[in-house]
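Step one of this worksheet: look at the structure below.
The values are calculated or read from the model by the stated rules, or taken from the named source; none is laboratory data. All values reported here derive from a predicted model rather than from experimental measurement. Cβ: placed from backbone, ideal geometry, glycine included. Neighbour counts: every protein chain shown.
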Amino acid sequence: MKTSRTDREPRLPLFGAALIGVVALAAALAAGHLVAGFISANASPYLAVGNGAIDLTPVELKDFAVRTFGVYDKLVLLGGMAVVMVLAAALAGIVSRRSPVPGVVLIAAFGLLGGLAVSQRPDLSGVALLAPLASLIAGVGVFLWLHRLASVKPQVEASGAAPSRRSVLLAGAGAVVAAGAAGAGGQLLAGTRDAESSRAAVGRLVPAEPAPPIPADADFAKLGTPTFLTSNRDFYRVDTALSVPQVRAEDWSLRLHGMVRNEKRYTYDDIRNRPLIERTITMTCVSNEVGGTYVSTANFIGVDLGDLLREAEVQPGAEQIFSTSTDGWTAGSPVVAALDPERGAMLAIGMNGEPLPVEHGFPARMVIPGLYGYVSATKWVKDLEITTWKARRAYWLDRGWGEQAPIKTQSRIDSPKGFETVPAGKVRISGVAWAQHTGVERVEVRLGASGSWQPATLSREVNVDTWRMWWTEFDVPPGSHQVTVRAVDKSGYTQTDARAGTVPDGATGWHVISFTAR
Ligand SMILES: Nc1nc2c(c(=O)[nH]1)N[C@H]1C(S)=C(S)[C@@H](COP(=O)(O)O)O[C@H]1N2
Ligand SMILES: [Mo]
């Protein structure tokens, strides 16, 4: 029995075989990352597969991920992918204990998947395929090499003419170190080509027409509300980009075309050298749950979007501004909203005095007051096509979201926090309400499920496109309590208590929190 076995190809030990698969995977990912560093971070097969997964994910799952993991949803995705890949690579090794063929086939399939994902990206050219190709070559190469070293027949090894188990381990370790260096190199290279240096070179943006200063009584931050303006660092962020698009101002331009008499193309300097305006606007995401945090306010600096459309001379019958970002995301906004001088739609290049942060759309984005971000706020925008609703369908429309999405009147309790314990007696309740482009008229608060509604004190209104802070006080005996808020807007509409989810056009319902008085 024993002799017949040594005649055949020996079987690699289970753990060693799995390890060979994993080392080959590391080599593949690192090689892809290094080559991507020369082209674009998004060419990295790992990121491309992740981005592809995001685009293919059903809405319900995406919604669940955002709800459950918040801003960490993408980290969870990348982590989950890593676990699956390591397991698959170990499996590729294990099924190849005798012959390397099954493992090579599996690794090659991985490589092709990476290639497919990269080829689907609208922001990458054909050159980007070099990154998954490098992955494929490195993965298969390292796998075959380590497999050969490890499967040398025992009797040959005994003669001392062939590598020992030690040298296989050394080779594996060498491959891991090389992979680490290559991966880090790719990361460094991508860093030097990124947008941050270009952004730094722009410097501060000074509007010719600054927004009116924010009065001191525009918020009750000392009573637990948010500050009126959200710092760029704290501004909520929502997008489908796994790695933030890196667009340098000098490489950027915006094409305005479609149903217009004069097609236009603007460079960054074209926009920057126009008289810049500044507007204070509260943005909100349609994915914001009742009580959620996807709402923030900034001073946006840029030009009026309607002015650009008027220069291009929009033709009759045009309905939709179909905007596209450098990473291929699209949004559809009503032409009438952009043309309405009262609306204040913008092509923004700055935020709170600075050029747009890279993750908020540098070099340029759209902002239209009163509309949820997915139909109005394209970041890294590079193309505006004037068209009809029928001719073009934007990214989220095919994923269950509505075509028209004005922001719904909402209010939120910020203090006390849910389940907080506070001293019994006078308890101050405070928070924020918004009804962009209509204005908040009144905020009412009640203690208990059937208490009477009590009007809250409102902060000074900055403009109808921004949020308003509120506070009030109740005499609260010891025990557990719940408190509810609702807003009334300037159209006379009282925020409905009917609970609706975020899909298809924004959540409704009253924000209720529980707290304990002691
Ligand atoms: N390119 C691009 N622009 C985008 C998105 C996106 O996924 N990609 N998301 C939109 C959505 S849903 C919202 S709510 C706003 C959020 O902008 P912020 O991240 O600056 O807050 O950006 C919009 N612009
Ligand atoms: Mo959004």
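Some points to look at:
- Entry remark, the range 137-153: residues being at pLDDT 85 or above and either surrounded by fewer than 22 Cβ atoms within 10 Å (Cβ to Cβ) or in contact with a Ser or Thr (Cβ under 7 Å, 6 or more places away or on another chain) (or both) number 8 in total.
- Only residues that are closer than 16 Å to GLU403 by Cα and of a type in the set (S, T, N, Q) were counted across the range 325-354, and they come to 2.
- Annotation note: of GLY328, GLY317, the sole residue that is surrounded by fewer than 22 Cβ atoms within 10 Å (Cβ to Cβ), among the small types (Gly, Ala, Ser) and more than 11 Å from ligand 1 (Cβ to nearest atom) is GLY317.
- Residue within the range 365-383 that is among the aliphatic types (A, V, I, L, M) and away from ligand 1 (no atom under 12 Å from the Cβ) present: no
- Residue match in the range 255-276 (condition: closer than 19 Å to LEU356 by Cβ, within 14 Å of ligand 1 (Cβ to nearest atom) and modelled with pLDDT of 95 or more): no
A quick yes/no check of all residues on (1) within 29 Å of the chain's Cα centre (by Cα); (2) within 16 Å of LEU223 (Cα to Cα); (3) in a strand (DSSP E or B):
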site	(1), (2), (3)
ASP414	yes, yes, yes
GLU444	no, no, yes
ARG460	no, yes, no
MET469	yes, yes, yes
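- Selected residue (only one of ALA424, ALA456, ALA391 is in the same structural domain as TYR266 (by TED's automatic domain parsing), more than 23 Å from PHE235 (Cβ to Cβ), out of contact with any helix residue (DSSP H, G or I) (no Cβ under 7 Å at 6 or more places or on another chain) and not hydroxyl-bearing (Ser, Thr, Tyr)): ALA391
- Scan of the range 231-288 for residues that are within 16 Å of ligand 2 (Cβ to nearest atom), closer than 15 Å to MET366 by Cβ and hydrophobic (A, V, I, L, M, F, W, C), ordered by number: VAL238, ILE281, MET283, CYS285
- Considering the conditions (1) loosely packed, with under 14 Cβ neighbours inside 10 Å; (2) assigned to a loop (DSSP other than H, G, I, E, B), SER480 is excluded by exactly one of them, (2).
- Helices (runs of 4 or more DSSP H) enclosed by the range 14-111 - at least 2 residues per element that are of a type in the set (Val, Ile, Thr) and out of contact with any Ser or Thr (no Cβ under 9 Å at 6 or more places or on another chain): 14-39, 59-69, 73-94
Okay, residues lined up against (1) buried (at least 24 other Cβ atoms within 10 Å of the Cβ); (2) within 15 Å of the chain's Cα centre (by Cα):
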{"residue": "LEU12", "(1), (2)": "no, no"}
{"residue": "PHE15", "(1), (2)": "no, no"}
{"residue": "ILE20", "(1), (2)": "yes, no"}
{"residue": "ALA24", "(1), (2)": "yes, no"}
{"residue": "GLY32", "(1), (2)": "yes, no"}
{"residue": "ALA41", "(1), (2)": "no, no"}
{"residue": "LEU47", "(1), (2)": "yes, yes"}
{"residue": "ILE54", "(1), (2)": "no, yes"}
{"residue": "ASP63", "(1), (2)": "no, yes"}
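- Per-region count, the range 362-381, residues under 14 Å from LEU205 (Cβ atoms) and within 16 Å of ligand 2 (Cβ to nearest atom): 1
- Condition check for GLY302: closer than 20 Å to TRP252 by Cα and surrounded by 20 or more Cβ atoms within 10 Å (Cβ to Cβ): yes
- Hits in the range 180-216 - residues which are surrounded by 12 or more Cβ atoms within 10 Å (Cβ to Cβ) and modelled with pLDDT of 90 or more: SER198, ARG199, VAL202, LEU205, PRO207, PRO210, ALA211, ILE214, PRO215
- Restricting the range 483-500 to residues that are touching a residue at least 12 places away in the same chain (Cβ under 8 Å) and in a loop (DSSP other than H, G, I, E, B), the residue that is nearest to SER450 (Cα to Cα): ASP497
- Any hit, the range 293-306, residues being more than 16 Å from ligand 2 (Cβ to nearest atom), in a loop (DSSP other than H, G, I, E, B) and among the small types (Gly, Ala, Ser): no
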